[in-house]
Amino acid sequence: MIKKNKIKILLIIVLMIIAYLLYYFFVHQKNNNNQKQAFPVVIVKKPQRMLLAEYITQTGNTIAYQSVDLVARVEGYLEAIKFTDGSFVKKGQTLFVIEPKPYFEQLAEAKAALASKKANLEYAESEYARQQRMYQQNATSLNNVQKWRARRDESQANLSQAKANVVTASINYGYTHVSAPFTGYIGRHLVDEGNLVGNGNATTLATIERINPIYVYFNLNELDFIKLRSAARKHGLSLQNINKVPVFVAMQNEKSFPHKGRLDFIDTSLSASTGTMELRAILANKDYILLPGLFVQVRIPLSEPTPHLMVLAAAVQYDQIGAYLFVVDKTNTVVLKRVELGASNNGMMAITKGLTQNELIIVDGLQNATQGKQVSPQTQVFEDAK
């Protein structure tokens, strides 16, 4: 009986010890969790190493390679419009017809007058030659010879005038058919059929634009222009061969820069009012994707692709001194890192100075990050770009 009581006592003691240990472990773990949860949570990522070329990015706008206002150069009623508004037209295609009959009759009249003047000249030349022969035979007077020579010269002048009248009449008749000066897109017609055009002033009928190739105009500030000029000189380029400088263009809905062209023009000086330099690029536009008047992004590479440390652009902070990042050190303390920035690409920013590969950068929860304070970091690591 005594042995049974001792065993019960021992079991009770063991159970009490186990209960105490469980209680101690639970309380201690809860305190640890409370201590951990006392620090604000932030998301951290290591920088990504990737190849990136330094470049200049600027906003530009597209301009037609050629733009011509089609005008009525002769007076008359507009008889026909031979195109569809906003359509593609080919070089030499007739677009407007302006009452050609009166000008056709003027051309016929001028040609008839030319034939008459030719006949008069032939007769005058023949008679002048006959008078010369008769004078050598003392059969006519010197006065008659001189008279027919004057008539011959007058006939030659009249013939020249008649030829000029035919050319003028032919040109005017040609103006009655307004044709496309080049292949391109034509806008809407500005005058309807039946209206009198060219009455005293040249009447604008429509506008035609050539958009293959197409121009892109943009402006660079002084610093970017100096960078571009220095990069061009490093590659042995000058104003004489600026067409070797590549230019890449993206429309507003494009994340990449799929449209490649080349630099075509650099203005002679910076604008005194804006402090910028105007430049122009020329791009092939065979599919007519780019239209005049679009706002586009223009990118000019300044160097060959080289490895850079890249961070999310949203993680970069700015103050009066410059750019900085919040990083977490080994003790989970927030540290402010001053950095120098390079180019950006697809939401990433290159860091040229002030950062190492193994830094843990706070990319989310920045509102919880205070310099010198501890945080609870959750780590996510980029994979190096291939």
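A short reminder: the numbers here are calculations on the coordinates, not readings from a lab. What you are looking at is a predicted structure, and each value in this text was computed from that prediction instead of being measured. When we count neighbours, we look across all protein chains shown, and the Cβ atoms used for this are built from the backbone with ideal geometry, even at glycine.
At-a-glance table
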{"read-out": "Label-point gap, in nm, between Leu196 and Ile226 - each point 7 angstrom along Cα→Cβ", "value": "6.4"}
{"read-out": "Given charges at Cβ of Lys, Arg, Asp, Glu: segment 94-234 dipole, positive-most of Val197, Asn120, Asn165", "value": "Asn120"}
{"read-out": "Stretch gain in nm, segment His177-Asn61, where the contour uses 0.36 nm per residue and the Cα spacing is subtracted", "value": "38.3 nm"}
{"read-out": "Global form of segment 72-208, assessed from the alpha-carbon gyration tensor, a/c cut-off 1.5", "value": "prolate"}
{"read-out": "The chain - charge dipole about Cα centre, Lys and Arg +1 at Cβ, Asp and Glu -1, debye rounded to 20", "value": "2140"}
{"read-out": "Projected label distance in nm at Ala139 and Thr268, using a 7 Å step from Cα toward the beta-carbon", "value": "7.3"}
{"read-out": "Reachable aspartates and glutamates, given that their alpha-carbon falls under 14 Å from the alpha-carbon of Lys353 and they are not under 8 places away in the same chain", "value": "Glu340"}
{"read-out": "Greater than 24 Å apart at Cα, pairs in Lys234/Lys255; Lys227/Lys260; Lys46/Lys260; Lys45/Lys260; Lys90/Lys111", "value": "Lys234/Lys255; Lys46/Lys260; Lys45/Lys260; Lys90/Lys111"}
{"read-out": "Efficiency of FRET between Arg233 and Ala284 - r from beta-carbon atoms, R0 25 angstrom, step 0.05", "value": "0.40"}
{"read-out": "Segment 160-219-segment 65-96 distance, computed between alpha-carbon centres (Å)", "value": "6"}
{"read-out": "13 Å Cα-Cα reach of Lys117 towards aspartates and glutamates, excluding residues that sit fewer than 8 places from it in its own chain", "value": "Glu109, Glu125, Asp153, Glu154"}
{"read-out": "Ascending count of other beta-carbon atoms within 10 Å, so fewest first, for Thr274, Thr62", "value": "Thr274, Thr62"}
{"read-out": "Fully extended contour minus Cα-Cα distance, from Ala164 to Ile13, at 0.36 nm per residue", "value": "41.0 nm"}
{"read-out": "Extension gain from Glu127 to Lys82, taking 0.36 nm per residue of separation minus the Cα-Cα distance", "value": "10.8 nm"}
{"read-out": "Over the chain: helical MRE at 222 nm, DSSP H runs n ≥ 4 each giving -39500 (n - 2.57), nearest 500", "value": "-11000 deg cm²/dmol"}
{"read-out": "Inter-label distance, nm, simple model (7 Å from Cα along the C-beta direction), Ala38/Thr204", "value": "7.6"}
{"read-out": "Reachable aspartates and glutamates from Lys286, criterion Cα separation under 19 angstrom, eight or more residues apart if same chain", "value": "Glu209, Glu254, Asp264"}
{"read-out": "The chain shape via C-alpha gyration tensor axes, a/c threshold 1.5", "value": "prolate"}
{"read-out": "Relative contact order computed over the chain (Cα-Cα under 8 Å; 6+ residues apart), in percent", "value": "29"}
